[in-house]
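Everything below concerns the one structure shown next.
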Amino acid sequence: MFKPKVILILSLLLSVYFQGLAQRNQIVLNDGWKFSKGTFADAAAPGFDDSKWQSVRVPHDWAISGPFDKEIDKQVTAITQNGETKPTEKTGRTGALPYIGEGWYRKKLILPAVTSTQKVLLQIDGAMSEPRVYLNGKQVGQWNYGYNYFYIDITHGLKSKDNVLAIHLNNKPKSSRWYPGAGLYRNVHLIVKEEKSIDQWGITITTPVVEKGFAKVNVKTKLTGSNLRLVNQVLDSSGKQVAVDTTKSFFGQEADQNIRVSEPRLWSPENPYLYTLVSTVYDGDQVKDIVKTRFGIRTISFKANQGFSLNGQVRKFKGVCLHHDLGPLGAAINVAALRRQLTILKDMGCDAIRSSHNMPSPEQLELCDEMGFMFLAESFDEWAKAKVENGYHLYFDTDAEKDIVNLVQANKNHPSIVMWSSGNEVPDQFGAEGVKRAKWLQEIFHREDPTRPVTVGMDQVKATMQSGFGALLDIPGLNYRVHLYEEANKAFPQGFILGSETASTVSSRGVYKFPVVKAKDKQYDDFQSSSYDMEYCSWSNLPDDDFVMQDDKPWVIGEFVWTGFDYLGEPTPYDNSWPSRSSYFGISDLAGLPKDRFYLYRSRWNKTKPTLHLLPHWNWENRTGDTTPVFVYTSYDSAELFLNGKSLGIRKKDKKSPQNRYRLMWMDVKYQPGTLKVVAFDAQGKPAAEEKIVTAGKPYKIVLTPDRSVIDADGKDLSFVTVSVIDKDGNLCPTASQQLKFYVSGNGKFKAVCNGDATSLESFEKPTMKLFSGKLVVLVESTVNPGKIKLNVNGGGLKAAQTEIISKVK
Ligand code: GAL
């Protein structure tokens with residue numbers, strides 16, 4: 001016989017166990033997927049033989065393995081928004097990777113025991129594209145837009161065992177203006193919860209009052225079930241409870257609680273403080289559901305003559321636009337890769353991201369909350385009028401509203417999001433119907449989220465000034481068109497303008513062209529653009545032109561530069577030139593390596609660390625005696641340049657000249673090999689910092705620099721190892737182009753490689769690649785086994801190198 005004490009302990013343990021079972025269980029379906037490209041009449045059927053299909057891990061992008069092919073999605077078209085009037089053959093517009101066609105994913109669902117009082121939801125964070133979801137042979141759900149999140153209640157289609165999930169995807173040709181990726185490229189979740197519980201995306205947290213000393217946190221909770229009790233606890237970032245509220249009264253199916261948080265710590269990019277709301281649903285004494293939601297306490301306002309304020313402080317957006325691909329990983333989301341992008345942007349001083357031109361991944365938003373980036377979350381690149389033959393216009397009338405609803409409902413609690421965008425350069429900017437659509441969409445956003453304003457990235461500024469399109473928006477966003485800022489600001493009634501897209505300056509990392517001249521749509525035989533940062537598009541401008549606007553016009557509320565990183569597809573100015581297959585717009589290249597322009601933005605944006613950067617490189621074998629301009633991007637006001645010890649003079653930033661206001665330039669330097677040195681002066685004119693570049697000798701040795709040498713043993717984490725080459729004296733060889741090979745051993749895998757060359761047709765997934773401008777990046781992935789991982793790199797007659805990465809259980 002058990003003693004009473006033992007019985008008590010046992011029953012306590014059992015009740016904790018059953019309470020645990022009753023609660024929500026969220027499983028990410030990463031493993032055990034089978035995949036095949038192609039058309040199969042019966043692939044949805046449970047008994048279908050998929051044993052010959054590829055075994056894959058989701059997130060998965062079926063097209064990133066390549067090969068690149070000029071014929072894929074070749075578009076013979078005139079890109080009218082780029083001012084083209086005659087159709088030409090566009091190769092590489094969508095990345096020249098095999099994303100078109102049908103694909104199937106299948107998986108046996110291993111479910112925890114589901115009781116008769118439970119519900120099972122399947123949530124897909126984005127699937128490219130037109131996902132059709134089948135359970136045990138029957139279609140249970142579908143969505144058209146490949147970028148959006150949606151969930152389906154699959155409870156009634158489930159059998160007690162042997163459930164088979166099948167997802168069909170279809171990518172049409174000419175459906176995109178950039179590389180969209182292909183497949184289940186984001187996470188798929190299974191959510192098992194009680195019927196009596198909080199609805200999916202049912203919690204809305206806002207902070208309507210933020211005062212010195214306290215904040216009012218409003219929590220609206222949608223629930224299913226009657227006679228419930230809801231407890232909402234607010235925890236600070238250390239997990240300590242700072243406020244709690246219990247309610248039994250509901251307004252229909254919704255609870256509405258106002259919770260006072262004393263001495264709130266505010267969220268900002270500089271101090272991204274996060275609270276957690278723990279919502280617990282009780283039925284009597286039984287816990288039915290627990291949901292944890294991270295949120296921030298902050299205020300935003302957009303006002304005429306004052307601009308944008310965060311927590312009462314006026315500031316301008318130092319933002320970048322990002323497409324969703326992660327270079328050599330394609331569209332498949334990866335937290336380590338997203339975090340690395342944000343780490344690079346943070347160092348640049350960037351404080352905002354625009355998810356051009358579609359819904360961001362949940363992981364990217366989580367990271368922006370945590371790391372401190374404000375977010376402009378966009379929805380569409382097309383409304384009812386087409387940009388590409390099979391673009392979103394096909395679905396606009398039927399789907400736009402539900403797409404916005406899901407965008408807002410899934411993301412409304414992220415403090416990082418400070419505005420929504422209903423569109424980018426939509427051709428509907430012309431005509432009365434377009435004005436109606438702009439109003440309709442904005443009102444859907446307002447209905448779903450009354451706390452954040454809405455913008456549209458407008459390029460047809462004159463048309464939108466006349467039609468009322470621009471006037472009705474909460475935030476008039478101008479894409480480029482700096483010459484129209486003044487006029488637009490006078491015409492529009494908001495009293496401020498956002499540079500929703502700026503610069504579109506093009507460059508190739510480490511490539512410099514002579515003579516150095518400002519030029520539009522400049523092309524060269526090698527299909528590269530110059531890193532002197534003087535080349536841009538017919539519709540765009542140099543970064544310096546944006547800086548003038550940002551600095552001199554208080555009513556300009558900031559900018560989002562096109563783009564933070566190079567992306568796959570849209571190889572302007574080489575849209576017609578094969579083998580160009582990725583963009584030249586990035587401040588950093590496709591491998592994430594900073595181009596020179598990174599330092600130009602850093603010199604303005606990073607207020608905590610100084611910047612002093614010299615360009616070009618100093619290895620010009622055939623240019624001795626030739627004019628080789630030298631630029632310095634720096635946060636200091638003036639600097640002196642020395643070549644082989646001889647002063648070439650002092651340059652000072654000149655407010656009156658747009659060319660010399662942000663860059664220090666020595667235009668008539670005659671090249672001599674040796675040492676180029678710059679000494680920067682502080683405000684008192686005293687030397688404060690120096691930088692030098694030395695002409696390198698023959699490439700001699702490989703050098704490996706991991707971004708992180710300790711990673712998680714979770715089978716997904718990545719170390720990004722930069723590979724460079726030095727001469728015998730340790731000088732970086734900036735033009736090295738040797739073919740290298742990579743070997744990973746121990747508890748890790750070779751994942752991918754990228755050199756940032758927009759014309760390279762080498763596979764990202766084969767362990768060999770040529771250096772581009774002396775560098776490339778190898779991605780090493782952990783396994784689930786902790787331990788040592790070794791990366792060896794050799795080739796090109798160079799002294800080989802090895803680095804060790806440790807993978808640990810988190
Ligand atoms: C903009 C457009 C972007 C990209 C960019 C290139 O007009 O919104 O998606 O195409 O031009 O400069």
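Read-outs throughout are calculated quantities, based only on the coordinates presented, and are distinct from any laboratory measurement. Everything quoted here is computed from the prediction, not taken from an experiment. Heads up, the Cβs are rebuilt from the backbone with ideal geometry, glycines too, and the neighbour counts pull from every protein chain shown.
Packing, as the average of other Cβ atoms within 10 Å across residues, places the peptides 171-178, 582-589 in the order 582-589, 171-178, highest first. Summarising the strand pairing of the chain, around 80 percent of its internal DSSP beta bridges are antiparallel. Sparsely packed loop sites in region 24-89 (the GluC sites (Glu not before Pro) outside DSSP H, G, I, E and B with at most 12 other Cβ atoms within 10 Å) comprise 71. Among 112-118, 324-330, 602-608, 201-207, the peptide with the highest mean count of other Cβ atoms within 10 Å heads the list, and the full ranking is 324-330, 201-207, 602-608, 112-118. Using the Cβ of residue 582 as centre and a radius below 13 Å, the other residues enclosed give a net charge of -4, where K and R count +1 and D and E count -1.
Once the chain from residue 28 to residue 285 is taken as fully extended at 0.36 nm per residue, the excess over their C-alpha distance is 89.6 nm.
Annotation: extensible slack from residue 440 through residue 770 equals 113.7 nm (criterion: 0.36 nm per residue apart, minus Cα-Cα distance).
Straight-line cross-link partners of residue 159 among the aspartates and glutamates, defined as a Cα under 18 Å from its Cα and at least 8 positions apart when in the same chain: 194, 195.
Based on alpha carbons, the Rg and Dmax found for the chain are 27.7, 100 Å.
When only Cα pairs below 8 angstrom with a gap of at least 6 residues are kept, region 435-504 shows a relative contact order of 29 percent. Straight-line reach from residue 670: taking Cα to Cα under 16 Å and skipping same-chain neighbours fewer than 8 places apart, the lysines in range are 513, 646. Bridging of residue 90 to lysines at a Cα separation below 16 Å is possible for 70, 74, 174, 387, once same-chain residues fewer than 8 apart are set aside.
Structural descriptor for region 701-808: relative contact order 37 percent, calculated from alpha carbon pairs under 8 angstrom and at least 6 residues apart.
For the residue pairs 196/716; 303/412; 196/439; 318/701; 34/385, the C-alpha atoms sit more than 27 angstrom apart in 196/716; 196/439; 318/701; 34/385.
Taking Cβ atoms as reference points and 14 Å as the exclusive limit, the residues near residue 235 contribute a net charge of +2, counting Lys and Arg as +1 and Asp and Glu as -1. In this calculation the C-beta distance from residue 788 to residue 156 is compared with R0 = 60 Å, giving a FRET efficiency of 0.75. Computed extension length for residue 722-residue 555: 56.0 nm, one decimal, from 0.36 nm per residue of separation with the Cα-Cα distance subtracted.
Shown for 371, 549: other C-beta atoms within 10 Å of each C-beta, ranked fewest to most, produce the order 371, 549. Residues whose amide H lies under 5 Å from that of residue 203, counting only those 5 or more places away or on a different chain, are 222; hydrogens are built 1.01 Å from N in the peptide plane. Of the GluC sites (Glu not before Pro) found in region 388-477, those in coil by DSSP whose Cβ has at most 15 other Cβ atoms within 10 Å are 389.
For region 675-688, 3J(HN,Hα) computed residue by residue from phi via the Karplus equation (6.51, -1.76, 1.60; θ = phi - 60°) reads 10, 9, 10, 10, 10, 9, 10, 7, 4, 8, x, 8, x, 10 Hz, glycine and proline entered as x.
Calculated [222 nm] ellipticity per residue, helices only, for the chain: -4500 deg cm²/dmol; basis is -39500 (n - 2.57) per DSSP H run with n ≥ 4, divided by all residues, nearest 500.
Near residue 294, the amide H atoms lying under 5 Å from its own belong to 277; only residues 5 or more places off or on other chains count, and H is placed 1.01 Å from N. Computed from backbone phi, the HN-Hα couplings of region 356-371 come to 7, 10, 6, 5, x, 6, x, 5, 5, 5, 4, 5, 5, 4, 6, 8 Hz, rounded to whole numbers (Karplus: 6.51 cos²θ - 1.76 cosθ + 1.60, θ = phi - 60°; Gly and Pro given as x). Close amide H pairs (under 5 Å, H built 1.01 Å from N) link residue 752 with 779, residues at least 5 positions away or on another chain. Across all directions, the shadow cast by the convex hull of region 566-609 built on its C-alpha atoms averages 3.5 square nanometres. With K and R counted +1 and D and E -1, the other residues having a Cβ less than 12 Å from that of residue 225 yield a net charge of +1. Across region 105-110, rounded Karplus estimates of 3J(HN,Hα) from the backbone phi angles (6.51 cos²θ - 1.76 cosθ + 1.60, θ = phi - 60°) give 10, 10, 7, 7, 8, 9 Hz, Gly and Pro being marked x. With a cut-off of 8 Å between alpha carbons and a minimum separation of six or more residues, what is the relative contact order of the chain in percent? So the answer I get is 9 percent.
Among the chymotrypsin sites (Phe, Trp or Tyr not before Pro) in region 413-520, those placed in a DSSP loop whose Cβ has at most 16 other Cβ atoms within 10 Å are 430. Calculation over all alpha carbon pairs of region 612-694 in 5 angstrom steps from 0 returns a P(r) of 3, 16, 28, 25, 16, 9, 3, 0, 0 percent.
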